[in-house]
Amino acid sequence: MPRLQIGVVKGRVAWLLAIALLASGSMVWAAEESAPSKPKSDASKPKSESRRRLPPHYSDVVTEEQREAIYKIQDEHAQEIEEQEAKLIAVRKKLDDAVRGVLKADQLKKVDEAAAAAAKRRASRRSTASSGSAAAAPAEAPARPRRRAR
């Protein structure tokens, strides 16, 4: 008799767990549906205004006047920063071209194939992440973390 009761209890627990998972999933789905969506890019704003952000840990400390003063300082330096970023991109391209110049044709082909495969994996991860299905994600090694710009 005790064996029968354990089986019944396990079955009921399994059903309760399944119901709880379904209920929590539908609540998350409903919350996502009702949440206002933010536009991905703000094309109507100038680049300097769309990038307006306070430095880390400032938002809880500064007053509105200080916030506007910081934004003004950022706007004054935005052009120079964009020019320096463009120079950095050009230097990185020059570096990449020089490094690729060391390789032989067959090595370049392998590097290009590996890069294309990596881009395909990233695209598939993005598409599965945007669909919200974590279970459908490919069983690959996790991506390396991005290097932070210095």
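Before moving on, here are some points about what is shown:
- In the range 63-110, the residues that are within 20 Å of Arg52 (Cβ to Cβ) and among the charged types (D, E, K, R): Glu64, Glu65, Arg67, Glu68, Lys72, Asp75, Glu76, Glu80, Glu82, Glu83, Glu85
- Failed condition for Ser44, given (1) modelled with pLDDT under 95; (2) assigned to a helix (DSSP H, G or I): (2)
The values are calculated or read from the model by the stated rules, or taken from the named source; none is laboratory data. Just so you know, these numbers come straight off a predicted model, no measurement behind them. Neighbour counts are summed over all protein chains in view; Cβ atoms, including those assigned to glycine, are modelled from backbone coordinates with ideal geometry.
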